[in-house]
Structures are given as structure tokens and as C-alpha cells.
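The values are calculated or read from the model by the stated rules, or taken from the named source; none is laboratory data. Fair warning: this is a prediction, and the values are worked out from it, not measured in the lab. For neighbour counting, all protein chains shown are included, and Cβ atoms are generated from backbone atoms with ideal geometry for every residue, glycine included.
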Amino acid sequence: MSDNLELVGLRTLVTGGTKGIGQAVVTRLSEAGARVLATARERADHLTPQHHFVAADVASAEGCAVVADAVSRLLGGIDIVVHVVGGSSAPGGGFANLDDREWQRAFDQNLFPAVRLDRALLPKMLQQGSGVIVHITSIQRQLPLPESTIAYAAAKAALSNYSKGLSKEVSPKGVRVVRVSPGWVETEAAVRLVERLAKTDGTDYETAQRGLMGALGGIPIGRPTKPREVADLVAFLVSPRAAAITGTEYVIDGGTVPTV
Ligand SMILES: NC(=O)c1ccc[n+]([C@@H]2O[C@H](COP(=O)([O-])OP(=O)(O)OC[C@H]3O[C@@H](n4cnc5c(N)ncnc54)[C@H](OP(=O)(O)O)[C@@H]3O)[C@@H](O)[C@H]2O)c1
């Protein structure tokens, strides 16, 4: 069965929808016919007039309220939410360099936007008895890396746990809640990082990329995941073909996680 246009007219919010994975999700779901509202702090050039956009910092309660209001105003309701926003810019140097501010920032970026927006948007989904929520986690929630990202990994673990609990509450009422857990994804920011490492080490892109993959313990398929591949998985999970899927987490990491 073709999956062309299987999301026609579905009112969709994608947080972090202007770069990397979020940009790919916006494009992919729009291609399937969804009416997409993308959000980020700054508008991006690739968004067409076909896309709705609202600028807001969702690391704050006020920013989440702006987005929830835009959903009502611009979409008139909600069928699908894809929580992509997240990441880490914490300094290296180990646990001692992660002060309270850094820990708070990790949770403000990776957990609370989902908690606040779900709380604002779920009542409409419950009222209509249908909806799908996708939380983008990370393999670091089960495979934490030392040094700079332990707060990020802990926040993603919290997001995953929250998502599972939420699914138990709302799935019997018609709303599916699923998680997608990427390994290393070759976003534009990732490409820039590899280029920077190659320059610093006086080597080429492939060697720097192999070094990074080695730091993850290796990627069995020999390359990072592409943003479009994550977006394809999300497109399937929000579609009617995934109607029996809720409360589970899908890892997309080229085999990076070494355990069962
Ligand atoms: N890339 C990977 O290798 C990887 C691996 C595992 C998991 N993930 C997860 O996948 C998700 C996307 O990662 P990515 O690498 O694709 O991200 P990215 O390229 O850094 O893009 C982040 C997006 O979120 C927006 N954003 C960031 N902070 C925001 C804020 N406070 N308020 C509103 N919007 C904000 C950015 O736009 P503005 O800057 O304009 O706000 C942008 O649209 C994250 O949750 C990340 O943890 C990524």
C-alpha cells in the first residue's frame, strides 16, 4: 500500500522544526499531506508559505504557552505532535563542570517542553478521542556518555519514562504516545562538528567521522543515520498503519547500542 498523502489534513505540531531532524520531519509529514506548524526560536528560509510557523523559546513556560496558543489559532486543533526540540551545549570537563544551571538547562530543553505542551494540547486530543504524540529521545538515555552530556542523557531518560507513563494513561482514551530514539544523526550541525574536528586534528572528514563513530563504540552499518531516515520512521509511527503501536520506543542508530 502506498503511504502517499496518508496524513492529509492532519493538524500537526513539530517542535524544533527548522533544522536537523525536525526540518526533515516537517518536510516528510508535509509531503504526506499533513498541515504542519513548525516552531523554533528563529524562522528558517526553507519553510514555505505552505508551512505555519511560530517563533518561541520552548525552554520556558511562557514560550510553550505561545506555541499552544498558535496551535489553536493557526491549526484550529491538533492531531499529531512531534516533540523534536532538544540537545545539549554543556561544557566538557566532567561532572564537576555541570553546575545547577547546566542541569536545569538540560531538563528545560529536553523534558519540560514536552511535558508542558502535552499538558496544553492533550485535552483537545482526549475530547476528540484520537491523536498521536511522538517524543524524540536519544540512545544516550540507555547508553550515557561520560563528560559533557550526562545531564542531557538523564533528561532524555526522564523524557522516556514520562512518555511511557503518559501512554498508559491516554492510550485507552484513543491517543497513542511513542518514542523515537536516534543514535548519531548526520544533521548539518553534526557535519560542521566533524569538519571542525578534522581541521583541529589536521585530518580529513572521513577520518574525523570514523573517530567519532569509534567514540560511540562503533556504528555497525558504518555511517551515521540520515535525518530523512528518522523522519521516515516518524511518518510511519504517526500514520494509521501504526494504529496498534503505543507506549514503545524505536531505536534508529545503525546498530550502535551494543546490548539487547
Ligand atoms: N543529532 C543527533 O545526532 C541526535 C541524536 C540523538 C537524539 N537527537 C535528538 O533529536 C532532536 C533533534 O536534534 P537535532 O540534532 O536535529 O537538532 P538541531 O539540528 O540542533 O536543531 C534543533 C532545533 O530545535 C530548535 N530549538 C533549539 N532550542 C530551542 C528552544 N529553546 N526553543 C525552541 N526551539 C529550539 C532549533 O531552532 P532555533 O535554534 O532557531 O531555536 C532547531 O530547529 C533533539 O531532541 C536531540 O536531542 C539528536
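Quick grid of which residues meet (1) among the acidic types (Asp, Glu); (2) within 12 Å of the ligand (Cβ to nearest atom); (3) under 21 Å from Gly77 (Cα atoms); (4) in the same structural domain as Ala231 (by TED's automatic domain parsing):
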| position | (1), (2), (3), (4) |
| --- | --- |
| Gly165 | no, no, no, yes |
| Lys168 | no, no, no, yes |
| Pro172 | no, no, yes, yes |
| Arg210 | no, no, no, no |
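Hey, any hits in the range 231-242 for a residue that's of a type in the set (Asp, Glu), assigned by TED's automatic domain parsing to the domain that holds Gly22 and within 26 Å of Thr27 (Cβ to Cβ)? Yes: the range 231-242 contains one or more residues that are of a type in the set (Asp, Glu), assigned by TED's automatic domain parsing to the domain that holds Gly22 and within 26 Å of Thr27 (Cβ to Cβ). Across the range 141-196, the number of residues qualifying as more than 22 Å from Val230 (Cβ to Cβ) and acidic (Asp, Glu) comes to 2. Against the numbered list (1) at pLDDT below 95; (2) among the small types (Gly, Ala, Ser); (3) away from the ligand (no atom under 16 Å from the Cβ), Ala215 comes up short only at (3).
Within the range 1-22, track down each residue that is within 13 Å of the ligand (Cβ to nearest atom) and surrounded by fewer than 24 Cβ atoms within 10 Å (Cβ to Cβ).
Within the range 1-22, Thr18, Lys19, Gly20 meet the criteria.
Against the numbered list (1) within 13 Å of the ligand (Cβ to nearest atom); (2) more than 15 Å from the chain's Cα centre (by Cα), Ala153 comes up short only at (2).
The set of residues in the range 132-153 being assigned to a helix (DSSP H, G or I), of a type in the set (Gly, Ala, Ser) and in contact with a Phe, Trp or Tyr (Cβ under 8 Å, 6 or more places away or on another chain) consists of Ala151 alone.
Is it the case, given these coordinates, that Gly76 is without any contact (Cβ under 8 Å) to a residue 60 or more places away in the chain, away from the ligand (no atom under 14 Å from the Cβ), on the phi > 0 side of the Ramachandran plot and small (Gly, Ala, Ser)? In short, no.
If the condition is being free of Cβ contacts under 8 Å to residues at least 40 places away in the same chain and closer than 24 Å to Ala24 by Cβ, then the range 151-189 contributes only Ala153. Being touching a Lys or Arg at 6+ places or on another chain (Cβ under 8 Å) and crowded, with 20+ Cβ neighbours inside 10 Å is a property that Val71 has.
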